[in-house]
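Report on the following structure.
Quick note: the coordinates plus some simple rules give every number you see, no bench work behind them. These numbers were taken from a predicted model, which means no experiment stands behind them. So basically every Cβ, Gly included, is an ideal-geometry build from the backbone, and we count neighbours across all protein chains shown.
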Amino acid sequence: MAWTGLFDPRRMTVRRMNFRFPDGLRGLWNPARPEFSHIVNAGSLAMPYLEPYLIETMRQARAKTDDPTLIAEIDLYIGQEAAHFRQHQRFNKRLAELGYASVPQTEAVLKADYQRFARERSFAFNLAYAEGFEAMALAIGHMLIEDREYLFGDGDPAVASLILWHFVEEIEHKCATYDVFKALDGRYHARIRGLLHATIHIMARARLGYRALMIEDGLWSDWRSRLALYGLLLRIFARLTPRLLRILVPGYDPRQVPDPDWAVAWWRQHGEADLGQLDMARIADPVPVAA
Ligand SMILES: [Fe+2]
Ligand SMILES: [Fe+2]
């Protein structure tokens, strides 16, 4: 099947980052948004299991194509995802060292899930999951950048920088799994099933993770915190839902989704400014500013 997506490999860069988490890092790294802190922490716990699974799926896809442009795209994608989960591993280790007993428990669930998918599910399932996850991650990246001041404004700069860097690169590689899916499968119903599988699975596991962390911090039984959590989820899904619905359209292509100016400015500045440490006082600026 010939699919000649207009991919320009120069769009993507594999970057070596080294986020400097402070000695006094806390699980509630954004004291103004404790519930968001644990939603992010739960998402971070998934990355060292989810991203190696995506990489393995794309390695299998690489063996099924001889299109040099697609191979270049896959290699850059794998390079970025490998950098992501290594940074999350460092952050997750710090979370575990803070004494959260649920961290290794949640990690064990995620590890078993992705091992099972890789071992027991078909390549077609795993490829569709990968594309579903990436389409959702693109939507999440746009939401996080749009709402960055509210979500991260009072947070620890290293954690905010880690998450925003990760999603800036998710936006940067928005076409990779889509192009691979188009080349090797392309069926609409398979793409939609992959989106549903990935979205439902990752959201259920995120809830498992943040619920356990909130219990450990005494927040889950605190009605004010529960109200804040539901308010926050409403805010997040108000921004996310239209972006997720767009993915359901049969002719959806991530190229139709314009890149946020803030992300484009991040790419342009990288290497000149140390964006591994954002200036949180200027997080609302139209361009990212290094500390
Ligand atoms: Fe990633
Ligand atoms: Fe990704």
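Evaluate the stretch 140-163: report whether one residue or more is closer than 15 Å to D259 by Cβ and among the small types (G, A, S).
yes
Please name all residue pairs, on different chains or six or more residues apart, with Cβ atoms under 7 Å, provided the first residue is in the stretch 50-67 and is more than 18 Å from E107 (Cα to Cα) and the second residue is surrounded by fewer than 22 Cβ atoms within 10 Å (Cβ to Cβ) and of a type in the set (G, A, S).
I55/A82; E56/A118; T65/A183; D67/A183
Can you name every residue in the stretch 127-150 that is of a type in the set (G, A, S) and either farther than 26 Å from A190 by Cβ or in contact (Cβ under 8 Å) with a residue 60 or more places away in the chain (or both)?
Of everything in the stretch 127-150, those that are of a type in the set (G, A, S) and either farther than 26 Å from A190 by Cβ or in contact (Cβ under 8 Å) with a residue 60 or more places away in the chain (or both) turn out to be A128, A130, G132, A135, A139, G141.
So which of G153, G218, G186 ends up being touching a residue at least 60 places away in the same chain (Cβ under 8 Å), more than 15 Å from ligand 2 (Cβ to nearest atom) and on the phi > 0 side of the Ramachandran plot?
G186
Within the stretch 24-33, does at least one residue satisfy the condition of being buried (at least 22 other Cβ atoms within 10 Å of the Cβ), within 21 Å of the chain's Cα centre (by Cα) and not aromatic (F, W, Y)?
No, every residue in the stretch 24-33 fails to be buried (at least 22 other Cβ atoms within 10 Å of the Cβ), within 21 Å of the chain's Cα centre (by Cα) and not aromatic (F, W, Y).
Does Y100 satisfy the criteria of being crowded, with 16+ Cβ neighbours inside 10 Å and within 16 Å of ligand 2 (Cβ to nearest atom)?
no
Conditions tested, residue by residue: (1) within 11 Å of ligand 1 (Cβ to nearest atom); (2) surrounded by fewer than 22 Cβ atoms within 10 Å (Cβ to Cβ); (3) farther than 17 Å from A82 by Cβ; (4) over 12 Å from the mean Cα position of the chain (by Cα).
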site: A128; (1), (2), (3), (4): no, no, yes, yes
site: A135; (1), (2), (3), (4): no, no, yes, no
site: E149; (1), (2), (3), (4): no, yes, yes, yes
site: A160; (1), (2), (3), (4): no, no, yes, yes
site: H173; (1), (2), (3), (4): yes, no, no, no
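Tally the residues that are surrounded by 15 or more Cβ atoms within 10 Å (Cβ to Cβ), β-branched (V, I, T) and either part of a loop (DSSP other than H, G, I, E, B) or more than 19 Å from the chain's Cα centre (by Cα) (or both), restricting the search to the stretch 248-288.
So the answer is 2.
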